[in-house]
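Data first, discussion second: the structure below is written as structure tokens.
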Amino acid sequence: MGLLKVASNQTAFLKLGILGFEGSGKTFTAVDFAIGLTKRVKGSKVAFFDTEKGSDFHIDRFKKA
């Protein structure tokens, strides 16, 4: 069907926007949300896209969870 598709009524688990200054904890909070939501829906995978690099230290938090 290409780029466009017919609209359908779906429910998202979470719609979240995080805004803050550098070093204010945006990524830390996003990781907490991802871990909590994954546990809540009994999932096992999280995709993490880091456009600025330097968030590698959060990998350990995901592994511990």
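The values are calculated or read from the model by the stated rules, or taken from the named source; none is laboratory data. Fair warning: this is a prediction, and the values are worked out from it, not measured in the lab. Cβ coordinates were reconstructed from backbone atoms using ideal geometry, including for glycine residues, and neighbour counts include every protein chain displayed. To get the accessible areas, we keep the full protein, side chains included, count just its heavy atoms, and leave off ligands, DNA and RNA. Shrake-Rupley method; radii C 1.70, N 1.55, O 1.52, S 1.80 Å.
A few remarks follow.
- The angle separating the long axis of helix 26-40 from the principal Cα axis of greatest extent in the chain is about 60 degrees.
- Highest-first packing order for the peptide set 18-31, 36-49 is 18-31, 36-49, based on the mean count of other beta carbon atoms within 10 Å.
- Think of the chain as a dipole: +1 on every Lys or Arg Cβ, -1 on every Asp or Glu Cβ, centred on the Cα centre; then among Val31, Asn9, Phe49, Asn9 lies furthest on the positive end.
- Given in Å, the Rg to one decimal and the Dmax to the nearest whole number for the Cα atoms of the chain are 14.9, 42.
- Heavy-atom accessible surface of the chain: percent carbon and sulfur, 1.4 Å: 57 percent
- Estimated dipole of the chain in Debye, rounded to 20 [Cβ of Lys and Arg +1, of Asp and Glu -1, Cα centre]: 420 debye
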